[in-house]
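Input: a single structure, listed below in structure tokens.
Where a number appears in this text, it was derived from the coordinates with a stated rule and is not lab data. Please read these numbers as outputs of a predicted model, since none were measured by experiment. Cβ placement follows ideal geometry from the backbone for every residue including glycine, while neighbour counts extend to all protein chains displayed.
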Ligand SMILES: [Zn+2]
């Protein structure tokens, strides 16, 4: 497993350490090199430690430290030392490191087969809560007053993540939703943050062909304008009460015969999907296309079994600037539905999969909080490469009941108890 970290970093992210090392160093006195500090923070997430304390406790174990030095080729600093530096590093510098790592993945072309219609990378956009306090935390906190008059102070972040059908979910850019210093009329919000996030996406990936996937908050003129200016495609959820004029135009189309149909059987369930679409609907300065997928799932039951369950029907509707037709409707709708990956494979994994996204890694510094967040994104990127490597997939195939978490528990046990000088000679690949 530890060898696999070396394999994946060497193959996919060969300049990880040099990018860490070139990150501007805010310190005067330096006991550790910058790459040791940043890898020290990243490794807390890589090794699924969930808190600074957990990793610090392992620093007392000589075998653990020897393994860390052997496999990562670096010294592991105390997490207080890491935190002191992260409180001072400019978050934009670390965000740039993350973007350069992602650019390397795009250059290698292995992500190309995941593109929609062989052209557009699917980029899901959504926001998630990161930390919440019951007292003011910093000058940029957002606030919310509950019915009982209590005020919550919190931070959340708007993410743009590359999503793929087989569950990759890589952070491309992160934009914090936060209030400005001093007085202001209205608090910052997800919609305003999207304008800034789009600027970051364009800056870091200027020529990347992408298709933005977003929820029902996003079908609006600002988003359509930004996508047109940047030459991006979009597939955005259309909810009941949004874009009234568009809704009126498609009301009758919903009653018509489907224009395309697909049918498949998955784990004993028959899934039939019916597609309807309407092209070139005028909406202010834009022409939109509407796409609907009505999916019916029927559980396959043996003949004569009376316990038949009622078919379950779901309705998905989108507005898009990719013209739907009979041939591509199913692929467009499937692309639109990958938006869910940012919630499941993205936020839920990072909150519950031992990354502990909502843990207060840094209570007293917003800068530190942002930098820990970026290191978590980098660690999640690396871990996805390791988890989807042939080596780890083979372990999971062989031990079907073993979860990713179980594998990492074994990895930590190995680091604690098997000294690198006694290591068995295994050369995994993939
Ligand atoms: Zn704050």
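Each residue in 293, 410 was given a count of other beta-carbon atoms within 10 angstrom of its own, and listing them fewest first yields 410, 293. Extension gain, residue 3 to residue 323, is 110.5 nm, computed as 0.36 nm per intervening residue step minus the present C-alpha separation. On the beta carbon distance between residue 401 and residue 299, with R0 = 30 Å, the FRET formula returns roughly 0.75.
Using only Cα atoms, locate the centre of region 47-90 and the centre of region 95-172, then give the distance between them in Å, rounded to an integer. Between the Cα centre of region 47-90 and that of region 95-172, the gap is 25 Å.
Using alpha carbons only, how many degrees (0 to 90, rounded to 10) separate the axis of helix 190-204 from the longest principal axis of the chain? It is inclined by approximately 70 degrees. Here r is the Cβ-Cβ distance between residue 241 and residue 393 and R0 is 45 Å; the resulting FRET efficiency, rounded to 0.05, is 0.55. Between the helical axis of 404-417 and the longest alpha-carbon principal axis of the chain there is an angle of about 10 degrees.
When Rg and the Kirkwood radius Rh are both evaluated on Cα atoms of the chain, their ratio Rg/Rh stands at 1.00. On the beta carbon distance between residue 257 and residue 230, with R0 = 41 Å, the FRET formula returns roughly 0.65. The percentage of C-alpha pairs in region 22-161 whose separation is greater than 24 Å is 53%. Contact order, relative form, for the chain: 21 percent (alpha carbon pairs under 8 Å, 6 or more residues apart, mean separation divided by residue count).
Each residue in 393, 39, 65 was given a count of other beta-carbon atoms within 10 angstrom of its own, and listing them fewest first yields 393, 65, 39. Once both labels are positioned 7 Å from their Cα atoms along Cα-to-Cβ, the gap between residue 416 and residue 80 label points is 2.3 nm. Counted residue by residue at 0.36 nm each, then reduced by the alpha carbon distance between them, the extension gain from residue 343 to residue 57 reaches 99.8 nm. Entry note, region 40-141: relative contact order of 16 percent, from Cα contacts under 8 Å with a spacing of 6+ residues. Using Cα atoms only, what is the angle between the long axis of helix 366-387 and the major principal axis of the chain, expressed in degrees (0 to 90) to the nearest 10? So the helix axis and the longest Cα principal axis differ by about 80 degrees.
Size of region 35-88: Rg and Dmax of its alpha carbons, in Å, are 10.2, 32.
Going by neighbour counts of Cβ atoms within 10 Å, the residues 82, 3, 97 line up, fewest first, as 3, 97, 82. Projected label points at residue 358 and residue 109, each 7 Å from Cα along the beta carbon direction, are separated by 4.4 nanometres. With Cα atoms as the point set, the radius of gyration and Dmax of region 275-371 evaluate to 21.2, 65 Å. Estimated from helices alone, the mean residue ellipticity of the chain at 222 nm is -11500 deg cm²/dmol (sum of -39500 (n - 2.57) over DSSP H runs with n ≥ 4, per residue).
Projected label points at residue 148 and residue 134, each 7 Å from Cα along the beta carbon direction, are separated by 0.9 nanometres. If each residue of separation counts as 0.36 nm, what is the full-extension length gain between residue 286 and residue 312 once their alpha-carbon separation is subtracted? Gain on extension, residue 286 to residue 312, equals 5.8 nm.
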